[in-house]
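I have placed the structure first, in the form of structure tokens, so that the comments after it can refer back to it.
Only the coordinates and a few stated rules stand behind these numbers; no lab work does. The model shown is predicted, which means the values in this text are computed figures rather than measured ones. Glycine gets a Cβ as well: all are built from the backbone with ideal geometry, and neighbour counts include every protein chain shown.
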């Protein structure tokens with residue numbers, strides 16, 4: 001079976017300062033552009049069978065700069081919708097809710113563009129994405145690459161491994177990195193994590 005390669009987009013202004021960036025469509029920083037370009041050697045001699053990307057420009061720009069041109073967009077690959085916490089840091093949230101955790105407490109609803117999601121809802125999107133790529137992975141004609149966002153990819157990893165969505169908290173994921181999900185003796189495994197070429 002082919003590998004599932006996960007690419008977290010390069011740095012943005014909000015990821016650099018810890019602001020929750022769900023559906024807000026912000027560009028890469030200069031450093032984020034450099035991170036994305038630095039991924040290109042990793043993909044130079046690879047010929048993925050399928051490349052999917054979040055529709056947000058930080059993911060699409062990362063895919064293009066990494067040499068993954070022609071990525072198909074998939075709305076299930078959007079980042080976690082942070083609702084009323086969009087653009088807010090964990091430190092700010094914990095001033096009023098000291099023990100808050102995205103993974104267990106979720107987010108309050110925001111405006112119409114940011115209604116918010118819980119871990120189960122993000123997990124359902126991850127499950128749909130995994131179901132779509134499963135036949136391509138089984139065909140073993142090349143790797144599948146998903147270019148998306150930190151929290152979403154962490155949830156997707158948990159679901160790939162058969163864990164509940166909340167267990168995505170176990171997989172810290174840096175910007176501008178490639179991670180590999182694979183199989184060993186027919187069982188799902190992590191073959192590489194937070195790799196920078």
(request) Could you let me know the centre-to-centre spacing of segment 56-89 and segment 167-197, using Cα atoms, in angstrom? (result) 18 Å
(request) Once you have the Cα-Cα distance between residue 112 and residue 45, take 0.36 nm times their residue separation minus that, and quote the gain in nm to one decimal. (result) 19.8 nm
(request) Treat each spin label as a single point 7 Å out from the Cα along the C-beta direction, and report the residue 38 to residue 193 distance in nm. (result) 2.0 nm
(request) Before anything else, pin down the relative contact order of the chain: Cα pairs under 8 Å, at least 6 apart, normalised by residue count, whole percent. (result) 32 percent
(message) Highest mean first, how do 28-41, 104-117 rank when packing is the count of other Cβ atoms within 10 Å averaged over residues?
(response) 28-41, 104-117
(request) Describe numerically, in nm with one decimal, the distance between label points set 7 Å from Cα along Cα→Cβ at residue 184 and at residue 13. (result) 4.4 nm
(message) Angle check, please: helix 119-139 long axis (alpha carbons) against the longest principal axis of the chain (alpha carbons), in degrees 0 to 90, nearest 10.
(response) 0 degrees
(request) Please give, to one decimal in nm, the separation of the simple spin-label points placed at residue 99 and residue 132, each 7 Å out from Cα toward the Cβ. (result) 3.8 nm
(request) Using only Cα atoms, find the angle between the long axis of helix 150-160 and the longest principal axis of the chain, and express it within 0 to 90 degrees, rounded to the nearest 10. (result) 60 degrees
(message) Order these by the 10 Å Cβ neighbour count, fewest first: 15, 182, 101.
(response) 101, 182, 15
(message) As a footprinting exposure proxy, order 169, 128 by other Cβ within 10 Å, with the fewest listed first.
(response) 128, 169
(request) Among (1) 18.8; (2) 16.8; (3) 21.1, find the value of Kirkwood radius over Cα pairs in Å that was calculated from the structure presented, and write down its label. (result) (2)
